[in-house]
1. What is the set of long-range amide H partners of residue 130 at a cut-off below 5 Å, with H atoms built 1.01 Å from backbone N?
2. Starting with the highest mean, order 331-344, 186-199, 433-446 by the number of other Cβ atoms within 10 Å, averaged over the residues of each peptide.
3. Considering all projection directions equally, how large on average is the shadow of the alpha-carbon convex hull of segment 481-631, in square nanometres?
4. Please report the net charge: other residues with Cβ closer than 11 Å to the Cβ of residue 532, K and R +1, D and E -1.
5. Provide the packing ranking of 583-589, 252-258, 12-18, 523-529, i.e. peptides ordered by the mean count of other C-beta atoms within 10 Å per residue, highest first.
6. What list of ³J(HN,Hα) couplings, whole Hz, do you get for segment 549-560 from phi and the Karplus terms 6.51, -1.76, 1.60, once you set θ to phi - 60° and write x for glycine and proline?
7. Which whole-number percentage describes the relative contact order of segment 2-552, with Cα contacts under 8 Å and a sequence gap of 6 or more?
8. Mind pulling the angle between the C-alpha long axis of helix 269-278 and the longest principal axis of the chain? Nearest 10 degrees, somewhere in 0 to 90.
Amino acid sequence: MYLLIVTLPLLGCATSALFGRFLGSRGAAIVTTSCVGTSFLFSLVAFYEVALVGSACTLQFAPWFDSEMFDASWGFLFDSLTVVMLIVVTLVSTLVHTYSISYMSEDPFLPRFMCYLSIFTFFMLMLVSADNLIQMFLGWEGVGLASYLLINFWFTRLQANKAAIKAMLVNRVGDFGLALGIMSCFLVFQSVDYHVLFAVANEWAMKESLAPESFVFCNMHVDALSAICLLLFVGAVGKSAQIGLHTWLPDAMEGPTPVSALIHAATMVTAGVFLIARCSPLFEYAPNALVVVTCMGAMTAFFAATTGILQNDLKRVIAYSTCSQLGYMVFACGISNYAVSIFHLMNHAFFKALLFLSAGSVIHAMSDEQDMRKMGGLNQVLPFTYAMMLIGSLALIGFPFLTGFYSKDVILELAYTKYTISGHFAFWLGSLSVLFTSYYSFRLLFLTFLENTNAFKQDIKNAHDAPPLMAAPLIVLAFGSLFVGYLCKDMMIGLGTDFWGQSIFVLPDNSNLSESEFSTPQIVKLIPLLLSTLGAGIAYWINNHKNSFVYDFKTSSLGRRFYTFLNKRWLFDKVLNEFLAQSVLRFGYSISFVTLDKGVIELLGPYGIATTMRTLSKRTSGLQSGLIYHYAFIMLIGLTVLITFIGLWDIVSFWVDSRLFLIFFCTFLFLPQRS
């Protein structure tokens, strides 16, 4: 059963890819959706057995790499952390598959689309169920490949091509860091197996004399565990779109809307958070790395929240909210509360999938229009979609007693009671992000549903609410956004719970969950609620009561600069393009191509050698006169030079490095050709 959870989506993918033309669009959709749905049902059984009963399962399937000390097998680890991720991934994937049947019904390439969705799900399941870093890296690269295929699904669109390439290249940076982290793990621990890594790290902590204090990285002596954790975190920064490597996430909106829901809710972006939580036994012994994780997550939450307030694309606003929520998850890991981070990840999957699929329903009804300024008044035309979008937005801002409230507010309380500079830094940036999150969520509702319409009359006339096959997944996600947080809070993050078992490790000194529950001042607990209310009020005032002050600010020099700065996403793309990408391109052309490829390699390669030999043959052919005394004279000169060279070898080697003779010889050889 456990293997079927992982392999059933692969079976659906292979069936759709090989027999899609025979099954037809509807047949391929039914097969792939059935496979992923069955995987979800098996995940429920695994959740009961592993998480509720407490019977973790490890499967060693087959050997993979076996070379002296390096041993990596096909193995699967099913513990509490894994089964929670299995539930999230398979449920959201099943709902997205079901939604796509109706949403993509007019697309002639539906079998290919369902195939890509299934392979995406398979690689994510491979990632979360792996029991070693190499197999995890396979799933890690697989979800990157699947995201490229899905973002570029409409490959005739230039912007889709650009967005897919950008996502792939930006993730290469993070993947390079992760690969170095895996290599460093093998260098230090002589293993890539999770159990060995975590056991040895704990043994080192108990007996400090056994721990290697440092190793050489970039010609510098660095702390071993801190370097490993930071390199692993670089991979998480790329996948989970933290600040610096976040630029691919908003552009991923060029793919179909179900793709956005799958990437942002359950797969791809959650991989980085899962990696940090999985490697918690390493991060706990690297406090400097945890400080970096905390600060990066807090800055990402603030940056994405401020950027989202002036975006006009419906899907792009929701994309930046994903980036902001990922910042919350990451800095929750940075303050050693991995369980709360995963709990927020699970809650976030429900309301973010609900928001994206509801946005897809709006776009589908409005003839593929995504600009919120060209909508308005849709609450009367699309009442069901409006209700779903309202539930998702309220859950996102942490409205009391909805799903987001039970995890988002806890993260802020934990940051406050950390009593460190990094903890308070994360708390205040996270609290300010609540204000901006509330503002752009209600701005989206006002511009799309509540304001006077700016849409074309024909679009309003043809608008229709979600059909049953699109509405059913929205209803399931709405129930999750309303009740999952309340039902699962005590089980997952309640005081004294043993839900996570050995899957998450936290040092006793770093655990402050009980302190945040009972020692946080009441006013601090109310700060997120007050800021959410303030953000909603500002959004209502600006969008419903446009007065002279707002108009004057928008048209002033400061207002235009402020709008441009935030609408252009803090100019991150401009900086990266002009100061990094163009420098790399110039280097690639002038140095790599002209100097190396067309210069040195061509000179010393087959073409250069052939040219040199032709030149030498022309030069030496004149020496073949056919006269014996000419040949005898050349032999005498050569013998004299050889004896002289051998006799002076000790003197020459004393003053000149013998390794330079090859360079002298090559220079002498190619001088005639260069002239």
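Here, each number is a calculation from the coordinates, and none is a lab measurement. Bear in mind that the values here come from a model prediction, so they are computed numbers and not experimental data. Please note: Cβ atoms are built from the backbone with ideal geometry, for glycine as well, and neighbour counts cover all protein chains shown.
1. So residue 130 has HN proximity to 77.
2. Highest to lowest by the protection proxy: 331-344, 433-446, 186-199.
3. For the Cα atoms of segment 481-631, the hull's average projected area reads 25.5 nm².
4. Local charge sum for residue 532: 0.
5. Top of the packing list down: 252-258, 12-18, 523-529, 583-589.
6. 4, 5, 4, 5, 5, 5, 8, 7, 4, 4, x, 5
7. 14
8. 80
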